Every structure is written in C-alpha cells, then in structure tokens.
Amino acid sequence: MEIERLHRPSARQFDEEFLLPGRPVVLTGLIDQWPSWGQWSLDWFGQRYGPMRLTGNNSLEGRREVLVSQYLQEIEETSLYLDALPIEQLAGMREAIQIPEYCPSDRRTEILVWVGPRGTCLDFHKDNHTPLDGNQNLLAQLAGSKRVALVSPEYDDRMYPAPQAERDYLRSRLRLDAPDPERFPLFEGVPRYETIVKPGEMLYIPAHWWHYVRSLEISMTMTFWWRSSRIIELFTRFKEAATSGRLAAFLVQHQGTLHKRDLQELGGEEAFQQLWQPLAPRVREMMHQLLDAEMGQLVAT
C-alpha cells in the first residue's frame with residue numbers, strides 16, 4: 001500500500017488524522033520553509049563540517065571514527081554510515097532548521113542526522129527503548145531519496161523479532177530484500193505501507209511501527225524523535241533528575257501533572273501498572289508526587 005501524501009497540514013489535522021490513530025503519512029511543503037533550504041547538499045555539509053571527526057557504523061567492521069572531508073570524498077566506494085549523529089555535535093546545524101510544529105512542546109525532541117552512501121539499509125526495526133517506550137518519528141529527507149516500508153505493530157507476532165535476551169530484540173530477523181518464506185512463513189501476506197521519500201519531504205513513522213529504510217542514492221536525513229507517552233517522558237526525567245541531584249526541584253515543578261487521560265497514549269491502565277509495580281517502594285513513594293488525585297487512587301488499589 002502506498003503511504004498517503006499531504007501538503008502542510010495544520011498541527012490539529014496532523015494530531016487528529018495521523019498522530020492519535022497512528023497512521024503514517026508523507027508531508028510536503030514543510031522543509032522548504034527552513035532558513036537553509038536550498039543549500040542542503042553533501043558539498044554544503046562538507047564545507048561546514050569537513051574538518052570534524054565523526055563516528056560511523058560499518059556492518060562488517062563495526063563503529064569507527066572518520067574525518068568528514070575524507071569520508072565524503074570516498075562516499076561512493078564506502079559502506080560506512082554516519083548514523084544517528086546528535087545535532088548538538090554539529091555546530092550551527094540547529095539554527096539552520098525548524099523543529100516541526102507537530103513535535104509536542106511537553107516532550108523533548110531528539111534530533112539526529114544520518115549521512116550515508118547509496119545502498120545503506122536498515123532492515124525492519126522499531127525506534128523503541130523498551131516495548132512500552134516508543135518514539136514518534138518524523139523523518140526529514142534533505143538530500144537523496146530513500147525507500148521506506150512500514151508494518152503496523154498489530155502484526156508483531158508475524159515479524160520475527162530477535163529474542164528478548166538479545167540487545168537488539170526490537171529488530172526483526174526478516175530481510176525484505178531477501179525474502180525467505182520457508183524460514184519466515186508468517187510474514188507472507190503481512191500488509192506493508194511503502195513509499196519513496198524524496199528531498200524536501202518528511203515521513204511520519206508512528207511509534208512502535210516496524211520500518212525498513214534503504215538509501216537509493218547518497219543521502220542525508222534528519223529525524224525528529226519524541227516519546228510517544230507523556231508518562232514515560234516524566235518517568236525518564238525523574239531518573240535523570242535523581243542522578244544529577246535535581247530531584248527535589250523536579251518534583252516541585254511537576255507535582256500532580258500526570259493525569260488519567262495520559263494513560264491512553266501509554267496503552268491503558270495495565271501498561272501503567274507494568275511500569276509502576278516493579279519500582280522500589282521508596283521510588284514509588286517519591287514518584288507518587290507526580291500523580292494527580294485520580295491517578296493516585298489508581299496505584300493505591
């Protein structure tokens with residue numbers, strides 16, 4: 001199935017028609033509003049960041065550091081992928097873009113840059129930290145084109161995820177470009193949404209969806225990730241505040257700000273209990289301050 005395309009929807013339309021129901025969509029007419037649009041190219045990237053050393057990933061050699069100028073000169077021959085570069089590493093990049101208005105103001109948006117050769121491929125995987133903690137993803141294509149295939153999480157049991165004991169258990173063992181129906185018979189007939197994302201376009205990948213991404217040309221991509229659940233967002237910030245010695249101020253700032261309506265995007269009361277019950281009693285006592293009265297009753301029963 002081809003993914004729907006839509007020109008510059010309002011934030012309300014995006015939320016109601018795509019974010020809340022979890023529907024993928026290709027968005028147009030957004031990146032060309034950025035201050036630097038029209039400059040994006042590998043030459044532009046090399047002029048700005050050529051003297052830097054960045055870490056890339058090679059499926060055969062693992063991760064290694066490379067001089068950007070040398071990497072770009074050899075990009076047609078290399079299989080090294082500059083993947084998931086935090087935008088903070090790239091001086092001036094943040095000022096060259098606009099965070100899409102679809103990214104919610106009550107969540108942190110993690111912005112990552114991806115630069116790689118033609119043929120770079122990430123097979124089916126999820127942008128999750130844990131099964132409950134998924135990222136919403138806006139994939140902005142800046143240079144080159146990418147083929148993307150998506151599968152809804154309702155087909156998890158037919159996607160052959162790696163065993164949970166493994167580090168990459170949110171990756172599938174399937175290879176879309178090398179189908180093996182004898183090993184993976186359940187994948188036959190699984191509905192897929194597919195598209196080619198071109199420069200200047202943005203693809204919304206809903207949280208928890210499986211996605212396959214292949215570069216059809218030398219490409220540069222930027223992704224905007226934010227947590228799909230406000231509850232997970234605050235739980236994560238709680239841990240960070242505890243580690244950095246800012247817990248008291250954090251609890252005062254966010255006291256009573258988690259509401260029962262926040263349960264829906266997490267997956268309901270059962271999902272919340274999966275997060276809450278394993279916590280140590282002392283941690284639960286402190287985190288209870290984040291809950292409003294109605295949520296407090298939920299964990300008291």
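Numbers for the structure displayed
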quantity: Complete set of residues in the range 39-67 that are over 26 Å from N137 (Cα atoms) and of a type in the set (V, I, T); calculated: V66
quantity: Any hit, the range 123-131, residues being touching a residue at least 40 places away in the same chain (Cβ under 8 Å), assigned to a loop (DSSP other than H, G, I, E, B) and of a type in the set (S, T, Y); calculated: no
quantity: Single condition V66 does not satisfy, out of (1) part of a strand (DSSP E or B); (2) closer than 28 Å to N135 by Cα; calculated: (2)
quantity: Failed criterion for A241 (all others in (1) under 23 Å from L20 (Cβ atoms); (2) surrounded by 14 or more Cβ atoms within 10 Å (Cβ to Cβ); (3) within 28 Å of the chain's Cα centre (by Cα) hold); calculated: (1)
quantity: Any hit, the range 260-275, residues being assigned to a helix (DSSP H, G or I), more than 30 Å from M93 (Cβ to Cβ), of a type in the set (F, W, Y) and without any contact (Cβ under 8 Å) to a residue 60 or more places away in the chain; calculated: yes
quantity: Sole residue being at pLDDT 95 or above, among the basic types (K, R) and under 29 Å from P100 (Cα atoms), chosen from R147, R171, R158, R183; calculated: R147
quantity: Qualifying residue in the range 42-57 (condition: closer than 23 Å to I99 by Cα, assigned by TED's automatic domain parsing to the domain that holds L122 and among the basic types (K, R)); calculated: yes
quantity: Failed item, numbered, when Y212 is tested on (1) part of a strand (DSSP E or B); (2) more than 30 Å from G116 (Cα to Cα); calculated: (2)
quantity: In the range 67-119, residue farthest from the chain's Cα centre (by Cα) [restricted to those that are closer than 18 Å to T55 by Cα and among the small types (G, A, S)]; calculated: S69
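This table checks each residue for (1) among the aliphatic types (A, V, I, L, M); (2) over 22 Å from R192 (Cβ atoms); (3) not in a loop (DSSP other than H, G, I, E, B); (4) not assigned by TED's automatic domain parsing to the domain that holds Y155.
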{"position": "L85", "(1), (2), (3), (4)": "yes, yes, yes, no"}
{"position": "G92", "(1), (2), (3), (4)": "no, yes, no, no"}
{"position": "Q98", "(1), (2), (3), (4)": "no, yes, no, no"}
{"position": "Y102", "(1), (2), (3), (4)": "no, yes, no, no"}
{"position": "R108", "(1), (2), (3), (4)": "no, yes, no, no"}
{"position": "V113", "(1), (2), (3), (4)": "yes, yes, yes, no"}
{"position": "Q136", "(1), (2), (3), (4)": "no, no, yes, no"}
{"position": "L142", "(1), (2), (3), (4)": "yes, yes, yes, no"}
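Here's the yes/no breakdown for (1) surrounded by fewer than 18 Cβ atoms within 10 Å (Cβ to Cβ); (2) not small (G, A, S):
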residue: T120; (1), (2): no, yes
residue: K126; (1), (2): no, yes
residue: P131; (1), (2): yes, yes
residue: L138; (1), (2): no, yes
residue: G144; (1), (2): no, no
residue: S152; (1), (2): no, no
residue: Y160; (1), (2): yes, yes
residue: R175; (1), (2): yes, yes
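Okay, residues lined up against (1) modelled with pLDDT under 90; (2) closer than 20 Å to I205 by Cβ; (3) in a helix (DSSP H, G or I):
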site: L6; (1), (2), (3): no, yes, no
site: E16; (1), (2), (3): no, yes, yes
site: P21; (1), (2), (3): no, yes, no
site: L27; (1), (2), (3): no, yes, no
site: P35; (1), (2), (3): yes, no, no
site: W40; (1), (2), (3): yes, no, no
site: R48; (1), (2), (3): no, no, yes
site: L72; (1), (2), (3): no, no, yes
site: E88; (1), (2), (3): no, no, yes
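The values are calculated or read from the model by the stated rules, or taken from the named source; none is laboratory data. Computed from a predicted model, the values in this text were never measured in an experiment. Neighbour counts run over all protein chains shown; Cβ positions are idealised from the backbone, glycine included.
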